[in-house]
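Please treat every number below as a calculation from the coordinates, not as lab data. Everything numeric here is computed off the predicted structure, so don't read it as measured data. Cβ atoms come from the backbone with ideal geometry, glycine included; neighbour counts cover every protein chain shown.
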Amino acid sequence: MSLRSPLGKVRGLGSAKNGTHHWWMQKVTAVALIPLTIWFVSSVVYMTQADYEVVINWMNSPIVAVLMLLFVVTGMYHLKLGLQVIVEDYIHSEGSKVVLQMLITFGCVVVGTAAVFSILRIAL
């Protein structure tokens, strides 16, 4: 007989002991991406007729560079979390799960690093 209440037994502790954290991070990144995506899409639409020099000057702004970095990093992390859930839910072979999780992590890190490097190169 346990002295813990039923709620105390399950509060935030899934079978892997981190399911709630993963879920919260997905929700937090999704909420953060709402204004960042609106800003990014409106900026791209605004810059469609701009020439190269105007876009580079726009990217040189510290505020634009920081927002772009936040958009890329948050987007890559959100992508990784979402793909991880898809693999965990729909791939049943343990070996395939491990390989796919490694490929997803590696791919997100490579794409995110390349994007951050590009943004910093233009901004600095």
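The table below gives the values:
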{"item": "Net charge, Leu83 excluded, C-beta distance under 15 Å - Lys, Arg +1, Asp, Glu -1", "result": "0"}
{"item": "With Cα atoms, 0 to 90° folded angle of helix 94-123 axis to the chain main axis", "result": "30 degrees"}
{"item": "Distribution of pairwise C-alpha distances over segment 32-123, 10 Å bins, in %", "result": "15, 38, 26, 15, 6, 0"}
{"item": "Potential extension, Ile63-Glu94 segment - 0.36 nm per residue separation minus Cα distance", "result": "6.8 nm"}
{"item": "Net dipole in debye of segment 32-123 [+1 Lys, Arg Cβ; -1 Asp, Glu Cβ; about Cα centre; nearest 20]", "result": "120 debye"}
{"item": "CD proxy at 222 nm, helix term only [per DSSP H run n ≥ 4: -39500 (n - 2.57); per residue of the chain; nearest 500]", "result": "-28000 deg cm²/dmol"}
{"item": "Efficiency of FRET between Val54 and Leu79 - r from beta-carbon atoms, R0 22 angstrom, step 0.05", "result": "0.15"}
